[in-house]
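The values are calculated or read from the model by the stated rules, or taken from the named source; none is laboratory data. All of these numbers come straight from a predicted model, not from anything done at the bench. Cβ placement follows ideal geometry from the backbone for every residue including glycine, while neighbour counts extend to all protein chains displayed.
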Amino acid sequence: MTATLDSRFSDTCQKILDVLEREVERHLAYTLGHDATAVEGPYLYRALAIAVRDRLVTEWRETRARMAASEQKKVYYLSLEFLIGRSLSNAVANLDLEESVRKSLHQFGVELEEIAEEEQDAGLGNGGLGRLAACFLDSCANLQLPVVGYGLRYEYGMFHQRIENGRQVENPDHWLRDGNPWEFERTESARRVHFYGHTEHYRSEDGIAKVRWSGCHDVLAMPFDLPIPGYRNGTVNTLRLWKALATDEFDLDEFNAGSYTEAVAAKNMAEQITMVLYPNDSSENGKELRLKQQYFLVSASLQDVLAEWVKTHGEDFSEFGSSNCFQLNDTHPACAVPELMRLLIDEHDVEWEQAWSIVRKCMAYTNHTLLPEALERWSVRLFSNLLPRLLEIIYEINARFLAEVAEQFPGDAEVLRRVSLIEDGEHPHVRMAYLAIVGSFSVNGVAGLHTKLLKEGLFKDFHTLWPDKFNNKTNGVTQRRWLAHCNPKLRDLLIESIGPEWQTDLSHISKLAPFAADAGFRDRWRVVKQHNKQRLIQTVKRETGVEFSDSALFDVQVKRIHEYKRQLLNVLHAIHLYDRIQRGETAGMISRCILIGGKAAPGYHVAKLIVKLVNDVSQVINNDPAAHDLLKVVFLPNYRVSAMEVICPAAELSEQISTAGKEASGTGNMKFMMNGALTIGTLDGANIEIREHAGDENFFLFGLDAAGVATTRTNYRPNEIIAADPEIERIMQMLEGGVFSRSEPGIFSMLTTGLRNPHDPWLTIADLRSFIDAQKRANDAYRDPDHWNTMSILNTASSGWFASDRTIGQYAEEIWNVKPLS
Ligand code: 26W
């Protein structure tokens, strides 16, 4: 830079700084009406958030204008969950404002990190599926793709978890109580959504058969837009979240029969729809309110897109299918298939054949689970009451589909029964996954193994019918949140050694590999990890009172609590180590801190019992002086996005230990790998690809593979395995003998009988010996820090494939056929 340019540049920086400083003051005084003396954190957070937001708005408006003016194809990501976490630091980093924000905060004597802590997590999701949607939006903005997210603005997000006497207690998450500076209400784009009522078949003036959905209760859908900033690229995309409101007539007409007060109270019925996120991530419960949420999201979003279309194209839908794509995040928004049919046919006079060809051109479905209990089925009775017109359309889709199948498989009644969208029986149900498959041009799984199992198992018949519809898109995560933001020390070390390109293109991270052989670099790598471990030590101490040591191996399993994820297997290993300590068999044993965290669905009793077990085991071990220097076990309460931002940079061993064939992909596994943790894992989900990229020698593999699981099931005798292995037998004796349940004898019997049951679906005992042995290998590797750090660096260096930018690049090219907005 020349001298004049240089000074002009620093002038500009100074101006930005001055302006930002003054704007924070102005928002404190005038937007928030706060006195400038003794500013409290929450006010400062709000003032800063609004000042940063102001800087997003210009780019946001420009991006919207570019999108509206462009004839290019657009994508709509429909999801009941977006687990975005905090937004302030993300916006600051993406706008490249960090330095000026820090300086302007110094006048108040605070650090950005402290102020960032004031922000509530936007916990609008359960786990993997919701967080994936958030990473995807980040990547779409980074790649400047014309993608809009559509979701629900839940008043209450994922519950807060407290631990009381070792048990999970749920508290409501009223995250909007102090307002949300990142949202903009768009009253001009409110939509109406129908529920209940009945259908009327009639003929139009020109003699065409038509259907009217009448006598319905309408609910108003009010959009709130959130900015999704790209990384220093001038793009700000939109996440539109719908809030349910009563329509004006709601109280006036329909409820005027009652008194005024009852009429006003009745508004609640409508507004309940977006009141709370269902905290369930693995079993559907068939509740009417959940179907209302799903249809509410789908109808409002499709109407929104159609209204925009009509503005520029009038009632000509010939190009609609090739100009728009709806990505369905699991089956939760699968009503989009019949709803788009309804809107086109009933409201825009399109004929069935044309409407169907449009739908099949623009719908794509992602499956996220193989668990049969998680596959959504809605009772036909409930459907016909709540959404009578949609059910008629589903029946018509099914009749035409089955006729097609019958032509391909003449006389095969069995295949018709198997693939029907309606599951027959005393209480018939709509199979939402089948509806999504039949109505889509693309069906994808989220990791190689998962997609293979979908084709061979769950969706076999459909794969036979339409092999080309099926494709794989292995998940990824955004390195901007899950490395650069949450691990600033590592970010700086990486930038210094391999440059900054990896932040927008993670394939560049492979340049790190040669540094693994450099002793000086390994030492700096170790120092960063130690720093991050210190940070986690403080969090653990604050939340649980337990003190971790920074010389111990940090062994971490954080994710939803579920039997298939086998937190129980992890606990059995902890008990095994404790048993060895008690018996004095500690030769060669490293010091280890085991951290487990995650929420159990409130109605999932076994998962809640596992939480209790982790807590009770940790009580016994942490209070035994014999274990003091060698083993600590902690259950970290209220695991969430912002907790993972502290946990994954500090982790050294990542537990990915699900029963093979059960975890669709996993994404936590990728965050740990990026931050240099080694994985101990089964051949399940994306673990398989992680191992392929990191190399067999940098991964602790154990357990049955998916095929082994299938054959073992046919002849599984856990009691024989236990009896034949003295170490395993002792673990069971300690559990069953009440070592961890002195004050409540027998409380864990449901877990121990499950382990001994030949029909245990999770085959925990089958994998236990192999797990203990793999943990022993990890133990031995950790004793050689040089070797461990080499493996750690190589893991980070091989994580390029697991960027959501790569995943989204594949969606854009192979499914959506969209290009960056120029
Ligand atoms: C109907 C209740 C319900 C709610 C949510 C059933 C199933 C779900 C989700 C599909 C569960 C989920 O989050 N699946 C996870 O999706 C991630 C992103 O693809 C994967 O990485 C995880 O392996 C998968 O468990």
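Quick notes
- Some residue of the range 92-102 being surrounded by fewer than 19 Cβ atoms within 10 Å (Cβ to Cβ), more than 22 Å from VAL57 (Cα to Cα) and free of Cβ contacts under 8 Å to residues at least 24 places away in the same chain: no
- Residue check: GLY109 meets all listed conditions (1) more than 16 Å from the ligand (Cβ to nearest atom); (2) at pLDDT 95 or above but one, namely (2).
- Among (1) part of a loop (DSSP other than H, G, I, E, B); (2) within 16 Å of the ligand (Cβ to nearest atom); (3) over 19 Å from the mean Cα position of the chain (by Cα), the one test that ALA650 misses: (2)
- In the range 357-382, residue nearest to the ligand (Cβ to nearest atom) [restricted to those that are within 21 Å of ARG418 (Cα to Cα) and part of a helix (DSSP H, G or I)]: ALA374
- Residue pairs whose Cβ atoms lie under 7 Å apart, sitting 6 or more positions apart in sequence or on different chains, and linking a residue in the range 349-371 that is at negative phi to a partner that is within 16 Å of the ligand (Cβ to nearest atom) and of a type in the set (Val, Ile, Thr), are ALA364/ILE815; TYR365/ILE437; TYR365/VAL443; THR366/VAL446; ASN367/VAL443; HIS368/VAL446.
- Condition check for GLY666: within 19 Å of PRO279 (Cα to Cα), under 20 Å from the mean Cα position of the chain (by Cα) and more than 16 Å from the ligand (Cβ to nearest atom): no
- Within the range 261-289, being touching an Asp or Glu at 6+ places or on another chain (Cβ under 8 Å), within 16 Å of the ligand (Cβ to nearest atom) and either without any contact (Cβ under 8 Å) to a residue 40 or more places away in the chain or not in a loop (DSSP other than H, G, I, E, B) (or both) holds for one residue alone: VAL276.
- A single member of ARG131, ARG153 is away from the ligand (no atom under 16 Å from the Cβ) and either out of contact with any Leu (no Cβ under 9 Å at 6 or more places or on another chain) or not hydrophobic (A, V, I, L, M, F, W, C) (or both), and it is ARG153.
- Any chance GLU392 is in contact (Cβ under 8 Å) with a residue 60 or more places away in the chain, of a type in the set (Asp, Glu) and within 16 Å of the ligand (Cβ to nearest atom): no
- Pairs with Cβ under 9 Å, 6+ apart, first in the range 34-48 and at pLDDT 90 or above, second of a type in the set (Phe, Trp, Tyr) and in a loop (DSSP other than H, G, I, E, B): LEU44/PHE108
- Selection of the range 535-555 for residues being farther than 22 Å from ASP624 by Cβ and touching a residue at least 40 places away in the same chain (Cβ under 8 Å) yields ARG535, LEU536, THR539.
- Residues that are within 15 Å of the ligand (Cβ to nearest atom) and either assigned to a loop (DSSP other than H, G, I, E, B) or not β-branched (Val, Ile, Thr) (or both), drawn from the range 426-444: HIS429, ARG431, MET432, ALA433, LEU435, ALA436, ASN444
- From ASP349, ASP330, residue being away from the ligand (no atom under 16 Å from the Cβ) and of a type outside the set (A, V, I, L, M): ASP349
- Condition check for THR682: among the hydroxyl-bearing types (Ser, Thr, Tyr), over 20 Å from SER804 (Cβ atoms) and buried (at least 22 other Cβ atoms within 10 Å of the Cβ): yes
- Of the residues making up the range 174-212, just one is of a type in the set (Phe, Trp, Tyr), closer than 16 Å to ASP346 by Cα and in contact (Cβ under 8 Å) with a residue 60 or more places away in the chain, namely PHE195.
- Residue under evaluation THR366, criteria (1) closer than 19 Å to TRP816 by Cα; (2) buried (at least 24 other Cβ atoms within 10 Å of the Cβ); (3) out of contact with any strand residue (DSSP E or B) (no Cβ under 8 Å at 6 or more places or on another chain), criterion not met: (3)
- Among the residues of the range 672-707, those that are within 11 Å of the ligand (Cβ to nearest atom) and in contact (Cβ under 8 Å) with a residue 60 or more places away in the chain comprise ASP684, GLY685, ALA686.
Quick grid of which residues meet (1) among the hydrophobic types (A, V, I, L, M, F, W, C); (2) within 24 Å of the chain's Cα centre (by Cα); (3) on the phi > 0 side of the Ramachandran plot:
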| residue | (1), (2), (3) |
| --- | --- |
| ASN475 | no, yes, no |
| LEU494 | yes, no, no |
| SER507 | no, yes, no |
| ASP518 | no, no, no |
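Table: residues versus (1) away from the ligand (no atom under 16 Å from the Cβ); (2) closer than 30 Å to LYS533 by Cβ.
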| position | (1), (2) |
| --- | --- |
| LEU421 | yes, no |
| VAL446 | no, no |
| LEU449 | no, no |
| ASP468 | yes, no |
| LYS473 | no, no |
| SER497 | yes, yes |
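- All positions within the range 161-210 that are within 22 Å of ASP281 (Cβ to Cβ), out of contact with any Asp or Glu (no Cβ under 9 Å at 6 or more places or on another chain) and outside any loop (DSSP other than H, G, I, E, B): ILE163, ARG167, GLN168, VAL169, GLU170, ASN171
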